1. If R₀ is 45 angstrom, what is the calculated FRET efficiency for the pair residue 37 and residue 176, using the beta carbon separation as r and rounding to 0.05?
2. In cubic angstrom, how much convex hull volume per residue do the alpha carbon atoms of the stretch 67-178 span?
3. Please work out the Kirkwood hydrodynamic radius for the stretch 24-73, using every pair of different C-alpha atoms, and report it in angstroms with one decimal place.
4. Sort 134, 36 by Cβ crowding within 10 Å, fewest neighbours at the top.
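Readers should treat all values here as calculations from the given coordinates under stated rules, not as data from a laboratory. Predicted model only: the values in this text are computed from it and were never measured. Heads up, the Cβs are rebuilt from the backbone with ideal geometry, glycines too, and the neighbour counts pull from every protein chain shown.
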């Protein structure tokens, strides 16, 4: 039987060679699993057919065995009738010989069918075991495929982010931002300098005015006001 011919296809050298050539391992694994599902279906159907054949053969064997016993009993019964005088002895012996012949015929068939039943049941057990192995492996590989898909998604996203980070300044974005930052800092420093210069000029002017201010006019004005108030 060759119903499991592709059970190890996923692990064959051709797959490794294809992966080395950067072919998509997920698609190839999915294809392999699809083939395994077909194999599992075929194996299950074959197992069911063998099991049904074993049951049918066993029923036939049991029937032949029962027929063999029945004809053995009939041979005894007919001779008992001859003994009691109910049937002519010569006729009874003829009928008993026919019954014993049929008994041997059904017994031989029962023996042959019994061997067939044993062989079919052995094949049935082997097919059941192989089918279970195939089903377990298929479930395991499907689980591994789901894990692989999740890992591929994570690795692809991580690769994309890392690639973006690695190529972040390829178009001069960071350099441009750095130049803008430097320019703004220069402008802020220049504005601060102009402010300090303006404050320094104002301070010098106030100092100059304080030095040059003449208080005599103000004093004379105050004195005149007192004199006018006193009528002098």
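1. Details: r = 56 Å, r/R0 = 1.24.
FRET efficiency, residue 37 to residue 176: 0.20.
2. Output value, Cα hull per residue: 114 Å³.
3. One over the average 1/r among Cα pairs gives 14.1 Å for the stretch 24-73.
4. 134, 36
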